[in-house]
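The values are calculated or read from the model by the stated rules, or taken from the named source; none is laboratory data. In this text, all values refer to a predicted model and were calculated from it rather than measured experimentally. Neighbour counts run over all protein chains shown; Cβ positions are idealised from the backbone, glycine included. Note: areas computed on protein heavy atoms with side chains; ligands, DNA, RNA excluded. Shrake-Rupley method; radii C 1.70, N 1.55, O 1.52, S 1.80 Å.
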Amino acid sequence: MSSFRKALKSRQRNHHERSQPGFRKQLGLLEKKKDYKLRADDYHKKQNTLAALRKKALEKNPDEFYFKMISSALQDGVHVIKKPKEQEEVTEEQKKMMRTQDINYVEMKRVAEVKKIERLKGELHLLDAESKPKNKHTFFVDSKKEVQSFNLADHLNTAPELVDRVYNRPSLGTLETKRIQGAVDPRALGKLAKQRKHQYKILSQRIDREKKMFVISQKIQTRKDLQVRRTWFLKVLVLVCYDCLHFSFFFLCFAFVQDKFKKVKVKKETTSSAAIYKFEAKRKR
């Protein structure tokens, strides 16, 4: 019966809709019902959208606040959530050092820097370092009159030129009885001050270098511990399973390893510190 119906359809005439009459050709194509339906649907959709927006504006709470108001930005007319700036975990210098050197070399260089820092600190004593906090010395007097007539050089029994010194400030008696040793010429003193400043600069550079070496050694050690902790057990596991030739036992033990070394990253890796992992505690039977 279906084949007979298909045969009838193949012989029926195609239905042609009425076209635009000749005297109305200047108006364009004649609109059919499907065209009108599309135009009407689009019109009603726009009207409903405007009505919804009008209602939303009337019912808006002026004190309303959402966190997306400050966490999103408008890009090409679309609201996009702002992504937090990702902190750099490893610098290019650290990557190069960790790829080319091992932890023994890094530790050797760090220990050498520590010894040089200790030797420089012993020579300089950090008495007039710029980064050192200024000490305060409070003097107590009995009356306001003494405060107004207070003279620091007389109170410390030294020359007025030596009051600003924090070290090597001899008294007037010492200056009268003993001979001054060392440079006294202003040009020589300026040269010594310049050399001392240069030494402090070298010291600060060595301290920064030692800190960088320490961070690199920590990162290398963390990666090494994570790798050794897992690799050692897997090697033993493969040897045992190879002897017994039982793959189900291998997968069972592998699942045990996965569970045994389950770890959680407590702190992310940064340029100034290594990552911190916390392993799940397992009670030994």
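Measuring with a 1.4 angstrom probe and ignoring ligands and nucleic acids, E89 comes out at about 80 Å² accessible. Computed over the range 134-175, the P(r) tail beyond 16 angstrom holds 44 percent of alpha carbon pairs.
Karplus-based coupling profile of the range 60-73, in residue order and whole Hz: 5, 8, x, 8, 6, 9, 10, 5, 5, 5, 10, 9, 10, 9, with θ = phi - 60° in 6.51 cos²θ - 1.76 cosθ + 1.60 and x standing for Gly or Pro.
Under 5 Å between amide hydrogens, built in the peptide plane, is the criterion, and for S72 it picks out K82 among residues at least 5 positions away or on other chains. Pairs with C-alpha atoms separated by more than 31 Å, drawn from the list K82/K211; K212/K263; K68/K211; K82/K201, are K82/K211; K68/K211; K82/K201.
Sparse packing (at most 12 other Cβ atoms within 10 Å of the Cβ) combined with a DSSP loop state is found for the following trypsin sites (Lys or Arg not before Pro) in the range 11-79: R13, R18, K32, K60. Could you state the number of Å between the C-alpha centres of the range 22-85 and the range 196-217? If you average the Cα positions of each part, the centres end up 62 Å apart.
If ligands, DNA and RNA are left out, what is the accessible area of E113 with a 1.4 Å probe, given in Å² to the nearest 10? Per-residue accessible area (E113): approximately 20 Å².
Its alpha carbons give the range 1-81 an Rg and a Dmax of 25.9, 72 Å.
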